[in-house]
1. Report whether or not A:ALA29 is within 13 Å of DNA strand C (Cβ to nearest atom) and hydrophobic (A, V, I, L, M, F, W, C).
2. Within 20 Å of A:ILE160 (Cα to Cα), in contact (Cβ under 8 Å) with a residue 12 or more places away in the chain and of a type in the set (Gly, Ala, Ser) - does that describe any residue in the stretch B:115-130?
3. If we keep just the residues of the stretch A:143-168 that are of a type outside the set (Asp, Glu) and surrounded by fewer than 19 Cβ atoms within 10 Å (Cβ to Cβ), which is farthest from the other protein chains (Cβ to nearest Cβ)?
4. Which of the residues that make up the stretch A:77-89 are out of contact with any Leu (no Cβ under 8 Å at 6 or more places or on another chain) and either surrounded by 18 or more Cβ atoms within 10 Å (Cβ to Cβ) or under 23 Å from A:ASP121 (Cα atoms) (or both)?
5. Take the conditions assigned by TED's automatic domain parsing to the domain that holds B:VAL95 and either in contact (Cβ under 8 Å) with a residue 60 or more places away in the chain or within 24 Å of A:GLY140 (Cβ to Cβ) (or both) and apply them to B:PRO175. Does it pass?
6. If we scan the stretch B:119-137, do we find a residue that is among the basic types (Lys, Arg) and either within 16 Å of DNA strand D (Cβ to nearest atom) or more than 27 Å from A:ASP115 (Cα to Cα) (or both)?
7. Where in the stretch B:23-118 are there helices (runs of 4 or more DSSP H), lying wholly inside it, with at least 3 residues that are near DNA strand D (Cβ under 10 Å from one of its atoms)?
8. Only one residue in B:VAL110, B:VAL95, B:VAL136 is buried (at least 23 other Cβ atoms within 10 Å of the Cβ) and touching a Lys or Arg at 6+ places or on another chain (Cβ under 9 Å). Which one?
Number of protein chains: 2
Amino acid sequence: MTRYAGAMTPRSYHHGDLRRAVLDAAATAITEHGPAGISLRDLARRAGVSHAAPGHHFGDKAGVLTALAAEGYDLLAETLREAQQSTGQFVELGVAYVRFAVEHRAHFEVMFRPDLYHADDPAVVAARGRSGDLLVGGVGSVTDPTGPDAEVAKVAAWSIVHGFATLWLTGALPPGFGEDPESAARAVAGMLFSKEPKG
Amino acid sequence: MTRYAGAMTPRSYHHGDLRRAVLDAAATAITEHGPAGISLRDLARRAGVSHAAPGHHFGDKAGVLTALAAEGYDLLAETLREAQQSTGQFVELGVAYVRFAVEHRAHFEVMFRPDLYHADDPAVVAARGRSGDLLVGGVGSVTDPTGPDAEVAKVAAWSIVHGFATLWLTGALPPGFGEDPESAARAVAGMLFSKEPKG
DNA sequence: GCGGCAAACTTGACAGTGACTAGATTGCCC
DNA sequence: GGGCAATCTAGTCACTGTCAAGTTTGCCGC
């Protein structure tokens, strides 16, 4: 009996790229039901394989989310690198951070829930370091990077864009901020390091 | 057979205040294992009752977290009200926000995971509204509340303290920010609406 | 005091889940 | 084309959330 994954690809005993398929299924399922609402067996069903197949590639459920988190940090680094090369300004780097959170919601939500995955996994730690360096680098363009408050300024910059992204994702922001998150993020990030609101 | 809840209170068929006991057990369990790592049956065991008892008070698992979220918003409102009465300044209001997140970690973590509970529950909506008004009120003290960017300033303020609290809780901040979250929060929040870092 | 009634709690059951084991299938390399 | 390791399946077990039915108890009117 030949089975089919989805409605397209003919399948045999070996899937071909089950790892990729499970990660994609996880991203979809998390977007639908949140990071806590997924099950390994459902991911297996979505990929068209038996219930225990994902376990062979990722060890356990946390392993799937670990791989997703690592992938997320790499995607974030890529997004930040592009923004850095085009403008290099702090505000646009922050906008890129928010854009990543919105476009890769599932990845973002997993990345900052270390209780759900193996946060000390080497691949995750390395990818997290890369993206962290990129994010923090952009703050030097607007503040004195050697000043005593340089570290505080970096954390403040990270906090404001991370907070905005988180609040946007949870739907906690007042109506009007929902339609165009990037413009809203630009306005919000612009308030940091600027004397006062223009109004 | 007489049973005992914990090691103190003699118990009979009726618990007395099972609702309170389950909520306390939930807060403890969430602090230990995260919001996704709890089980109703474990809460029942911690409270010393049968596995289905919590269901009668909260309906389902999401009901427990709904009650916890509502309680959290009320606790937050209380914390903000105290800070508002003592100083009324935006920065101290933000510090109070962070203090709440640190001291009531379990509540805070649930509150901003609407996929885990019934976010449209009337009690939650009401409590959320109360705390939101208090938080936003403090921003008017530092910016022009009638200006065109007033709404943006409020969201920026909320974002920076919420982001800092979230990052602190996930352990994502660089070492040195961990020991005294309130002082760090004060420094970070002080960067908003101020021309530039002092350094 | 006491009957009864509603709330609180227990017991038992069922489907779904994560994780483990053993076995079946297949790509691939020499 | 033979053999081997990787890949996947099938079966199982303890645990979970939720439901239905039964048991115990506080309490109110009399």
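1. Numbers: within 13 Å of DNA strand C (Cβ to nearest atom): yes; hydrophobic (A, V, I, L, M, F, W, C): yes.
For A:ALA29, the condition - within 13 Å of DNA strand C (Cβ to nearest atom) and hydrophobic (A, V, I, L, M, F, W, C) - is met.
2. Restricting attention to the stretch B:115-130, the residues satisfying the condition of being within 20 Å of A:ILE160 (Cα to Cα) are none.
No: the stretch B:115-130 contains no residue that is within 20 Å of A:ILE160 (Cα to Cα), in contact (Cβ under 8 Å) with a residue 12 or more places away in the chain and of a type in the set (Gly, Ala, Ser).
3. Initially, the stretch A:143-168 is screened for residues of a type outside the set (Asp, Glu), giving A:143, A:145-148, A:150, A:152-168.
Subsequent filtering for residues that are surrounded by fewer than 19 Cβ atoms within 10 Å (Cβ to Cβ) retains A:145-148, A:150.
On the way: A:PRO145: 9, A:THR146: 7, A:GLY147: 2, A:PRO148: 4, A:ALA150: 6 Å.
Residue satisfying both the conditions and the ranking: A:PRO145.
4. Scanning the stretch A:77-89 gives A:GLU78, A:THR79.
5. Details: assigned by TED's automatic domain parsing to the domain that holds B:VAL95: yes; either in contact (Cβ under 8 Å) with a residue 60 or more places away in the chain or within 24 Å of A:GLY140 (Cβ to Cβ) (or both): yes.
Judged against the criteria, B:PRO175 is a match.
6. To start, the set of residues in the stretch B:119-137 that are among the basic types (Lys, Arg) comprises B:128, B:130.
Subset that is either within 16 Å of DNA strand D (Cβ to nearest atom) or more than 27 Å from A:ASP115 (Cα to Cα) (or both): B:130.
Yes: the stretch B:119-137 contains one or more residues that are among the basic types (Lys, Arg) and either within 16 Å of DNA strand D (Cβ to nearest atom) or more than 27 Å from A:ASP115 (Cα to Cα) (or both).
7. Working: elements: B:40-47, B:53-58, B:61-86, B:90-103, B:105-111.
Correct list: B:40-47, B:53-58, B:61-86.
8. On the way: B:VAL110 fails: touching a Lys or Arg at 6+ places or on another chain (Cβ under 9 Å); B:VAL136 fails: buried (at least 23 other Cβ atoms within 10 Å of the Cβ).
Step by step, each of B:VAL110, B:VAL95, B:VAL136 is checked, and only B:VAL95 is buried (at least 23 other Cβ atoms within 10 Å of the Cβ) and touching a Lys or Arg at 6+ places or on another chain (Cβ under 9 Å).
The values are calculated or read from the model by the stated rules, or taken from the named source; none is laboratory data. Source: prediction; values computed, not measured. Neighbour counts run over all protein chains shown; Cβ positions are idealised from the backbone, glycine included. Ligands, DNA and RNA are excluded from the accessible area calculation, which covers all protein heavy atoms including side chains. Shrake-Rupley method; radii C 1.70, N 1.55, O 1.52, S 1.80 Å.
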